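Undergrad: So that we are looking at the same thing, I have put the structure below in structure tokens.
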Amino acid sequence: MTSWLEISEQRLRANYRVLAEAAAPATVLAVIKANGYGHGLEHCAQILAAAGAYWLGVNGVEEGADARRALSAVGMAVEAQPRVLMMCGLSEEDADGVVQETLTPVVWTAQQVGWLGAAARRAGRTVSVHVEVDSGMTRQGARPGAELEQVLQAIRETHGVQLDGVMTQFASAEAAGSRQTAEQKARFEEALAEVVAVGMSPAWISAGNTSGVDVTDGAEDLTSWVSRLARGMGARSMVRPGLGLYGYRLAVEAEGEVQAESRLGDQLEPVMTWKTKVIGLEEVSAGAAVGYNGIFVAERPMRLALVPAGYADGLRRELSSTNTREGGWVMLRGQRAPIVGRISMNLTTVDVSGIDGVLVGDEAVLLGEGVSAEDHARLAGTIVYEILCGVRAVERHKPRS
Ligand SMILES: *Cc1c(COP(=O)(O)O)cnc(C)c1O
């Protein structure tokens with residue numbers, strides 16, 4: 001085993017509870033797509049279902065089937081399992097799987113509804129769908145007006161397909177006072193009015209990610225807004241946090257004069273610890289060029305440790321260091337061991353000159369206590385999301401404590 005993940009069940013449960021309380025009266029859909037943001041979809045599905053999650057959110061049919069299998073494996077009958085929203089599109093080949101696995105797909109075209117209707121009739125079953133409204137993010141969804149009218153009409157006319165929800169996604173939920181968000185809210189309200197006008201009554205209205213639950217600026221926040229809209233239609237409201245479940249959130253931004261705050265503050269705790277073990281130690285003299293291209297040259301005698309994780313494992317190559325540019329670090333014996341030179345595909349060298357008593361076999365923390373996904377994201381010039389779902393440790397298991 002070269003590296004492994006320790007997933008804190010207790011923290012995942014606690015983060016879920018924090019989000020559920022902050023979102024109330026809206027229901028939390030727990031997003032576990034992208035292999036549970038790198039944490040292991042099946043394990044996360046089991047923990048969140050046991051914590052009471054009524055909805056889970058996955059990417060596609062394969063992930064939906066993985067979630068169903070994981071929940072059946074712990075003795076939950078499908079009817080007792082959380083509902084599973086398939087959020088990232090649908091192709092014709094997916095339709096039978098959607099029906100087989102009892103998934104609720106997000107749809108936005110009449111064509112998608114047609115595929116699902118055919119699959120539902122083949123299986124003699126009914127498929128519930130959530131219609132996604134493109135309120136201005138321009139990614140997926142039907143725009144209010146003719147496009148929305150078409151998909152709604154297709155649902156009304158297609159035997160075996162029923163409207164269960166209407167949803168949208170915000171492009172800038174972390175920015176309080178965002179003009180884009182204000183415009184998106186207005187467009188979504190317009191869309192809901194259309195749904196009502198054609199006499200349809202979805203059970204669920206959903207909008208907002210972690211930041212939608214988190215950001216508050218004195219005005220009506222996204223969670224309250226979606227709850228008010230849902231109430232007005234006799235529907236239930238739902239918000240869809242992902243990142244927050246795993247213990248992270250985006251920094252709250254504010255546009256214009258607004259005073260914005262984080263509702264979640266420091267209540268969330270990181271769920272993932274990524275570990276490996278020291279597999280080599282060496283003393284090098286001044287002048288030694290370390291790693292590919294010798295971009296770091298020892299300026300004095302150093303003690304170096306080798307750990308078996310590199311960029312192929314998700315340890316970003318941008319965390320490499322040169323003599324003049326600091327890179328990332330791992331935690332060894334509770335102290336920072338700076339990464340030295342280039343990170344290789346599956347190997348990384350770290351400086352343990354300042355850490356007493358390091359031995360081959362010592363645990364090294366690649367990500368977790370003392371080195372966060374935010375640290376990695378900053379050094380790699382990316383977002384926490386990409387760091388988390390980029391971790392490809394071979395094993396995921398529970399913490400011993
Ligand atoms: C991924 C995703 C979310 C979760 O977003 P976070 O920022 O991780 O909370 C919510 N809704 C949809 C549609 C998504 O695709």
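Undergrad: For the chain, which whole percent of the accessible surface, found with a 1.4 angstrom probe, sits on carbon and sulfur atoms?
TA: Result for the chain: 47 percent of the exposed heavy-atom area is carbon or sulfur.
Undergrad: Mind grabbing the accessible area of I355 for me, 1.4 Å probe, Å², rounded to tens?
TA: Surface accessible to solvent at I355 totals approximately 10 Å².
Undergrad: Quick one: accessible area per residue over region 272-397, 1.4 Å probe, rounded to a whole number of Å²? Write down the numbers at each step before the final one.
TA: On the way: 5900 Å² over 126 residues.
Per-residue value: 47 Å².
Undergrad: Can you give the accessible area per residue of region 113-166, in Å², using a 1.4 Å probe?
TA: On a per-residue basis, 43 Å².
Undergrad: Determine the percent antiparallel among the DSSP beta bridges restricted to the chain, to the nearest 5.
TA: Percent antiparallel among DSSP bridges in the chain is about 50.
Undergrad: Give a quick list of GluC sites (Glu not before Pro) in region 184-283 that DSSP marks as loop, anything other than H, G, I, E or B, with at most 10 other Cβ atoms within 10 Å.
TA: E257
Undergrad: So how much accessible area does S172 have, in Å² to the nearest 10, using a 1.4 Å probe?
TA: 20 Å²
Undergrad: As an exercise, take the mean of 1/r over every pair of distinct alpha carbons in region 272-397, invert it, and state the Kirkwood radius in angstroms.
TA: For region 272-397, the Kirkwood estimate is 14.4 Å.
Undergrad: Which of the aspartates and glutamates could a cross-linker bridge to K277, judged by Cα under 12 Å and excluding same-chain residues fewer than eight apart?
TA: Answer for K277, where 12 Å is the Cα cut-off: D362, E363, listed by chain and number.
Undergrad: Now for a different question. On a C-alpha basis, how far is the centre of region 44-69 from the centre of region 199-277 in Å? Whole number, if you could?
TA: 19 Å
Undergrad: Count charges around T210 for me, please; just the other residues with Cβ under 11 Å from its Cβ, Lys/Arg as +1, Asp/Glu as -1.
TA: Every neighbour counted, the sum reads +1.
Undergrad: Can you tell me the orientation of helix 110-123 relative to the chain, as the angle in degrees between its alpha-carbon axis and the longest Cα principal axis, to the nearest 10?
TA: Helix 110-123 sits roughly 90 degrees off the main axis of the chain.
Undergrad: Follow-up. Of all alpha-carbon pairs in the chain, indicate the percentage at a distance above 26 angstrom. Intermediate values should be presented prior to the final figure.
TA: Working: 46327 of 80200 pairs.
Percentage above 26 Å: 58.
Undergrad: Same structure again: Heavy-atom accessible area of K275 with all protein chains present, probe 1.4 Å, nearest 10 Å²?
TA: 30 Å²
The values are calculated or read from the model by the stated rules, or taken from the named source; none is laboratory data. Quantities reported herein were computed from a predicted structural model and do not represent experimental measurements. Cβ atoms come from the backbone with ideal geometry, glycine included; neighbour counts cover every protein chain shown. Quick note on the areas: whole protein, heavy atoms, side chains included, nothing else; ligands and nucleic acids left out. Shrake-Rupley method; radii C 1.70, N 1.55, O 1.52, S 1.80 Å.
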